[in-house]
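Heads up, the thing below is written out as structure tokens.
Throughout, read-outs are computed from the coordinates displayed, never taken from laboratory work. Remember, it's a predicted structure, so these values are computed and weren't measured experimentally. Cβ: placed from backbone, ideal geometry, glycine included. Neighbour counts: every protein chain shown.
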Amino acid sequence: MHTSPILASDVWIDHPHGRLFSRVWRHASTGRADSENTPIVLLHDSLGCVDLWRDFPALLAFETGCDVLAYDRLGFGRSDRREGKLPLDFIADEARTYFPVVCEQHKVNRFIAFGHSVGGGMAVHCAAQYPERCEGLITESAQAFIGEETRAGLLEAKGLFEDERALSRLAKYHGDKAAWVLDAWLGTWLAPSFAAWSLRDVLPAVRCPVLAIHGALDEYGSSRHPETIAEHAAGPSRVHILPGTYHVPHKERPGEIAGLVAAFSSR
């Protein structure tokens with residue numbers, strides 16, 4: 001285990017569609033990133049951003065010895081706003097359009113992709129899109145398809161966000177983009193045109209080792225989601241179900257998640 005202090009640095013990334021905000025956590029003793037480093041790249045959930053990972057990236061860097069990189073997707077957090085509705089292929093498009101620019105800016109060659117919730121689906125596409133570069137895939141609370149539990153969880157969340165105070169809390173992290181962020185989540189996932197979405201077609205292109213983490217009490221889907229990821233991915237896959245855990249394991253059980261990732265990355 002590395003014991004040197006973890007340093008965080010912020011980097012702005014120019015993209016043709018708008019500026020993206022990113023942050024990297026690394027051990028003080030390692031200095032600057034280089035082409036031999038294999039960082040863990042975090043992809044956030046539907047309402048997430050860099051700041052909402054809170055202390056977890058620093059803990060992850062400490063436990064794994066890896067650099068950890070996170071960025072705000074366009075329209076989220078500190079990144080520039082995004083106009084209009086998300087395209088129906090926005091999950092796959094993140095891997096094609098934005099992820100490679102982030103990697104280029106940070107001089108990332110090989111990587112471990114770690115995605116939470118919808119970020120897990122994006123991480124799957126990153127692993128499939130760049131099979132020679134992705135050394136490992138970690139999904140946490142990822143949806144593999146839209147089932148009845150997923151839809152029920154979304155409808156319950158929609159009711160909660162009818163309270164203006166909930167939107168105000170969202171604005172703390174997304175500013176005046178908060179209403180767009182909420183619609184990009186609920187409006188997209190509840191749209192009839194999105195109902196047939198799944199990861200099944202892309203998973204066979206994932207050749208790296210896979211760790212699919214899921215809470216037994218996840219509000220947005222049963223264990224069938226990580227099981228589907230593991231069953232359909234081509235690489236060696238492991239499912240880890242956390243008892244008594246809901247949709248955000250890295251917040252509910254940060255030390256355990258960091259330990260799971262450290263054991264996975266060391267292999």
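Strictly greater than 16 Å: what percent of every Cα pair in the range 102-212 meets that?
66 percent
Arrange the following residues from fewest to most other Cβ atoms within 10 Å of their Cβ: LEU42, LEU7.
Arranged by neighbour count, lowest to highest, LEU42, LEU7 become LEU7, LEU42.
If I take every Cα pair under 8 Å that is 6 or more residues apart in the chain, average their sequence separation and divide by the length, what percent do I get for the relative contact order?
In percent, rounded to a whole number, it is 19.
What ranking do TYR130, TYR220 get, fewest neighbouring Cβ atoms within 10 angstrom at the top?
Going from least to most buried by this count: TYR130, TYR220.
What does the charge count near GLY153 come to, summing +1 for each Lys or Arg and -1 for each Asp or Glu among other residues with Cβ under 13 Å from its Cβ?
Overall, the nearby charge balance is -4.
When we measure straight from the Cα of LYS177, which lysines land under 23 angstrom away, once same-chain ones fewer than 8 places off are left out?
Correct list for LYS177: LYS85, LYS158.
Dipole size in debye (nearest 20) for the range 6-266 around its Cα centre, Lys and Arg Cβ +1, Asp and Glu Cβ -1?
For the range 6-266, the charge dipole is close to 340 debye.
I want the local charge near HIS250. Using Cβ-Cβ distances under 11 Å, sum +1 for each Lys or Arg and -1 for each Asp or Glu among the other residues.
Local charge sum for HIS250: -2.
Report the far tail of the P(r) of the range 6-266, meaning the percent of Cα-Cα pairs longer than 30 Å.
21 percent
Would you order TRP25, TRP12, TRP197 from fewest to most other beta-carbon atoms within 10 Å of each residue's own beta-carbon?
Fewest to most other Cβ atoms nearby, the residues stand as TRP12, TRP197, TRP25.
Hey, what do the phi angles of the range 105-114 turn into as Karplus ³J(HN,Hα) couplings, whole Hz, using 6.51/-1.76/1.60 and θ = phi - 60°, x for Gly and Pro?
Along the range 105-114, the couplings run 4, 8, 6, 8, 9, 9, 8, 10, 9, 10 Hz.
Which of CYS66, ILE257, VAL239 sits farthest toward the positive end of the charge dipole of the chain, with +1 on the Cβ of Lys and Arg and -1 on the Cβ of Asp and Glu?
CYS66
Quick one: 3J(HN,Hα) in Hz for the range 79-93, Karplus 6.51/-1.76/1.60 with θ = phi - 60°, rounded, Gly and Pro as x.
For the range 79-93, the Karplus-derived couplings read 5, 4, 5, 10, 8, x, 6, 5, x, 4, 9, 4, 5, 5, 5 Hz, x marking Gly and Pro.
Quick one: grab the alpha carbon gyration tensor of the range 6-157, order the square roots of its eigenvalues as a ≥ b ≥ c, and give me rounded if a/c is under 1.5, else prolate or oblate depending on whether a/b is larger than b/c.
prolate
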